[in-house]
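Reviewing the structure listed below.
The values are calculated or read from the model by the stated rules, or taken from the named source; none is laboratory data. None of these values were measured; they are calculated from a predicted model. Glycine gets a Cβ as well: all are built from the backbone with ideal geometry, and neighbour counts include every protein chain shown. Surface accessibility is based on the protein's heavy atoms, side chains included, excluding ligands, DNA and RNA. Shrake-Rupley method; radii C 1.70, N 1.55, O 1.52, S 1.80 Å.
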Amino acid sequence: MKTTEYLREDKLPHIWCPGCGNGIVISNIIRAVDALNLKRENTVIVSGIGCSSRAAGYMNFDTLHTTHGRAIPFATGIKMANPDLNVIVISGDGDATAIGGNHFIHASRRNLDLTLIVVNNNIYGMTSGQYSPLTPTGKIATTAPYGNIDRPFDLCELAEAAGATYVARGSVYHVQQLKRYVERGIQNKGFSVIEALSICPTYFGRKNKMGSPVKMLEGIRDNAVIYNGKNKEEGKDKFLIGEFKNEPDREYTESYQKIIDSLKEGK
Amino acid sequence: MKSEMLQKHHIHINQKWCKGCGICVAFCPKKVLVLEKGKAKAENMEDCIACRMCEYRCPDFAIEIEVAK
Amino acid sequence: MEKNKMRLVQGNEACVMGALYAGMRFYAGYPITPSSEIAEESSIQLPKVGGKFIQMEDEIASMAAAIGASLAGKKAMTATSGPGFSLKQENIGFACMAEVPVVIVNVMRMGPSTGLPTSPAQGDIMQARWGTHGDHPIIVITPTSVKEMYEFTIRAFNLAEKYRTPVILLADEVIAHMREGVEIRTDIEVIDRAKPTPGEPYLPYQLKEGDIVPPLASFGDGYRFHVTGLSHGENGFPTNSVEINNALIRRLNSKITDHLDDIVEVEEGYTSDAEFLILSIGSTARAAKSVVNTLREQGIKIGYFIPKTVWPFPEKELKECFKTVKKVIVPEMNMGQIALEVERVAAGQAEVHRLNKVTGELFTVAEINDGVMAVINK
């Protein structure tokens, strides 16, 4: 399988900084799509605004680069209008959990068949390094010059609590897991959330003296706890990599189709 | 016999897309890759086990492994 | 042809009937007074025709979902009022920029802010034109009756599809909640968006000779095209080119301004020899018409001018009136918004007199009559 077959080669090289995690996440989404034999003609990529949301422009599918935070509701309209389409949403931590936070929890609740990949680089990269709802407490950002006093969300716990039926976290170090989780997320007929823990060497890394992209990847490796279903506590000061939920439930477009069918029968 | 097979793997590196971050070099379990003039280069191909970790972790879509059959 | 049926319907209900006639197959909305009946009626009717209704988590999401559905090939609508219309603005701009057909109904209520949710007003006229940022094209049409709620909703879809643009149906609370006997016409033409020619290479923003707008493929058709709110070239991909950006913004606007004769609609009465003119929209226009009819019987040379398309403003048609008209009275349920356009078009050729009401009540015939007589007797 060649990743480039799924890319718009004439748009590359991409705009992202050297060592940015976005490309790593995107190439593994593509591997997942390829592994599942999804038809490119039948697969739509929807993104919001931010560094990671530029991904849509590079991916050779029907692609929709929307407004800040709104990728999920745009995608909801697409999926409702044509449930035969595979709809994959690519968003960032600011896009999905700050400005788009409301859409995130309601899509989780509704369980419409979308696969959301949140590229979490802990910062607003596109606007040059302001803190996001996923910036850890104490970290430095251009708008948290004395250290971030906000408490971050745990994105996966948020998704679980709100009702998403598939929830997992991979990373740009744990790439095989990441690919597998995206695959399973797509396979789940319902709302799937995959957090892709990523790196922003330019802003988050530099502001917090985390060194090169390699050092940042090593940081992910060294602070990861592989989730085994019982060790949530171990991940407290570190972070868990793994599959947290895979509990299929009634899917929204199918429920709606049942209404349509019942009205037909009633004629 | 084994090394003959392995020598047939090939690492394609798209120099135009590579931004020289060094991730592929650092995490190659067999130290196959090096950075040369700010770009990745496959130097010790005979050691390559085609684990694809360089390809999977390349942020620039610049690496493709061709596995010997 | 099947004979048109007479029915007693509410304005908001007529809107949904028109939308379904025009081919609406997707509705996304959020509850807000006084437009909620549009959502309720859509939720009842859409699944009966295989369409989809969804109540989203907020107004912003409703606008986004409607655009998404349109890109997937379904005719889509959303409806709202005051505060909700404010929230929808960013994504309306997206639809302008990305050229996605979509219909937005705004049932005007008294503002600013939460204002008087159940009281009529006409305070969103400028917002309908300039609510979203940047130089953007927009078509805004304003019904004066329940019959027009039905017919103008069809027209809104037709214009949206023909010009690949969002169209705003700007009604006031009175029209939306009024019940009238309506002849439900079934002989109105329905326009569908132009689609690309199969087999030919497709650039989603390339204007071919003879076309009004570039054709619009649907997601899933196999073209694998890109849509963005960033400034983009004919291929749909972002660009920083000053030439391409300039050409895009000019084309987005000229696709409307080059077709004013098709888009602009005005109802005029007694304007050929009128010295006085009442210019108004929506429910206010109904009272104005009645005043004009009465004053004509008294021999006063007065006419009425009702923009049914409020944006683009019927400039050419109004200018024509100034050959005879010396005084214009502009009654509006706001502090004077359309009056600004009338003053601009009059450019000193005629006196423009404002008549404003912001009590949250509709104009009575007597109030307009008194206002007009004060101007005439001046």
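Within the range B:15-50, the set of residues being assigned to a loop (DSSP other than H, G, I, E, B) and open to solvent by less than 50 Å² (accessible area, probe 1.4 Å) comprises B:17, B:18, B:20, B:21, B:22, B:28, B:32, B:38, B:44, B:48, B:50. Regarding the range C:171-188, can at least one residue be identified that is surrounded by fewer than 21 Cβ atoms within 10 Å (Cβ to Cβ) and either closer than 22 Å to residue C:260 by Cα or not assigned by TED's automatic domain parsing to the domain that holds residue C:14 (or both)? Among the residues of the range C:171-188, at least one is surrounded by fewer than 21 Cβ atoms within 10 Å (Cβ to Cβ) and either closer than 22 Å to residue C:260 by Cα or not assigned by TED's automatic domain parsing to the domain that holds residue C:14 (or both), which makes the answer yes.
Out of the residues in the range A:57-91 that are assigned to a loop (DSSP other than H, G, I, E, B) and more than 18 Å from the chain's Cα centre (by Cα), state the one that is surrounded by the fewest Cβ atoms within 10 Å (Cβ to Cβ).
This residue is A:84.
For the range A:187-197, the criterion of being in contact (Cβ under 8 Å) with a residue 40 or more places away in the chain, over 24 Å from residue B:22 (Cα atoms) and open to solvent by 20 Å² or more (accessible area, probe 1.4 Å) is satisfied by at least one residue. Is it the case that some residue within the range A:161-171 is open to solvent by 20 Å² or more (accessible area, probe 1.4 Å) and not in a helix (DSSP H, G or I)? Yes, there is a match, as at least one residue in the range A:161-171 is open to solvent by 20 Å² or more (accessible area, probe 1.4 Å) and not in a helix (DSSP H, G or I).
Just one of the numbered conditions (1) outside any helix (DSSP H, G or I); (2) among the basic types (Lys, Arg); (3) open to solvent by 40 Å² or more (accessible area, probe 1.4 Å) is not true of residue A:221: (1). Of everything listed in (1) more than 20 Å from residue A:78 (Cβ to Cβ); (2) buried (at least 24 other Cβ atoms within 10 Å of the Cβ); (3) within 16 Å of the chain's Cα centre (by Cα), the single unmet condition for residue C:126 is (2). Taking the range C:300-363 as the region of interest, the strands (runs of 3 or more DSSP E) fully inside it that hold 1 or more residues being free of Cβ contacts under 8 Å to residues at least 60 places away in the same chain and either open to solvent by 20 Å² or more (accessible area, probe 1.4 Å) or closer than 17 Å to residue C:375 by Cα (or both) are C:302-307, C:327-332, C:351-356. Annotation: of all residues in the range A:99-124 being away from chain C (no Cβ under 14 Å) and open to solvent by 10 Å² or more (accessible area, probe 1.4 Å), the one that is nearest to the chain's Cα centre (by Cα) is A:121.
Being among the β-branched types (Val, Ile, Thr) and touching a residue at least 40 places away in the same chain (Cβ under 8 Å) is the filter here, so list the residues in the range C:36-70 that pass it.
C:38, the sole residue that qualifies.
Residue C:86 fulfils the conditions (1) within 14 Å of chain A (Cβ to nearest Cβ); (2) surrounded by fewer than 22 Cβ atoms within 10 Å (Cβ to Cβ); (3) of a type outside the set (Phe, Trp, Tyr) except for a single criterion, (1).
Among strands (runs of 3 or more DSSP E) entirely within the range C:16-89, having at least 1 residues that are more than 23 Å from residue A:102 (Cβ to Cβ) singles out C:24-29, C:75-80. Residue A:37 meets the conditions (1) open to solvent by less than 50 Å² (accessible area, probe 1.4 Å); (2) away from chain B (no Cβ under 11 Å); (3) part of a loop (DSSP other than H, G, I, E, B); (4) not small (Gly, Ala, Ser) in every case but one. The failed one is (1).
What are the residues in the range B:52-69 that are assigned to a loop (DSSP other than H, G, I, E, B), within 14 Å of another protein chain (Cβ to nearest Cβ) and modelled with pLDDT under 95, if any?
Residue satisfying the conditions is B:67 alone.
Among the residues making up the range A:40-51, those that are more than 7 Å from chain C (Cβ to nearest Cβ) and open to solvent by 10 Å² or more (accessible area, probe 1.4 Å) are A:49, A:50, A:51. Residue count for the range C:212-251 under the criterion of being part of a strand (DSSP E or B) and either over 28 Å from the mean Cα position of the chain (by Cα) or at the interface with chain A (Cβ under 7 Å from one of its Cβ atoms) (or both): the result is 4. Taking residue A:176 as the residue in question, decide whether it is at pLDDT 95 or above, closer than 12 Å to residue A:25 by Cα and more than 14 Å from the chain's Cα centre (by Cα). Yes, satisfied. Taken over the range C:1-40, the criterion of being hydroxyl-bearing (Ser, Thr, Tyr) and either out of contact with any helix residue (DSSP H, G or I) (no Cβ under 7 Å at 6 or more places or on another chain) or within 14 Å of chain A (Cβ to nearest Cβ) (or both) is satisfied by C:27, C:30, C:33, C:36. Residue C:262 meets the conditions (1) away from chain A (no Cβ under 14 Å); (2) open to solvent by less than 60 Å² (accessible area, probe 1.4 Å); (3) closer than 24 Å to residue C:166 by Cβ in every case but one. The failed one is (2).
The set of residues in the range A:69-91 being over 12 Å from residue A:46 (Cα atoms), of a type outside the set (A, V, I, L, M, F, W, C) and without any contact (Cβ under 8 Å) to a residue 60 or more places away in the chain consists of A:82, A:84. Considering the range A:203-218, and only residues there that are more than 11 Å from chain B (Cβ to nearest Cβ) and of a type outside the set (Gly, Ala, Ser), the residue that is least open to solvent (accessible area, probe 1.4 Å) turns out to be A:204. In the range C:41-61, the residue that is farthest from the other protein chains (Cβ to nearest Cβ) out of those that are within 18 Å of residue A:70 (Cα to Cα) and open to solvent by less than 10 Å² (accessible area, probe 1.4 Å) is C:59. Go through the range B:25-50 residue by residue and tally those that are within 10 Å of another protein chain (Cβ to nearest Cβ) and either in contact with a helix residue (DSSP H, G or I) (Cβ under 8 Å, 6 or more places away or on another chain) or among the hydrophobic types (A, V, I, L, M, F, W, C) (or both). Qualifying residue count for the region: 3.
In the range A:239-250 there is no residue that is free of Cβ contacts under 8 Å to residues at least 24 places away in the same chain and either of a type outside the set (Asp, Glu) or in a helix (DSSP H, G or I) (or both). Which condition breaks for residue C:64 when tested against (1) more than 22 Å from the chain's Cα centre (by Cα); (2) open to solvent by less than 10 Å² (accessible area, probe 1.4 Å); (3) facing chain A (nearest Cβ under 7 Å)? Unmet for residue C:64, out of (1) more than 22 Å from the chain's Cα centre (by Cα); (2) open to solvent by less than 10 Å² (accessible area, probe 1.4 Å); (3) facing chain A (nearest Cβ under 7 Å): (1).
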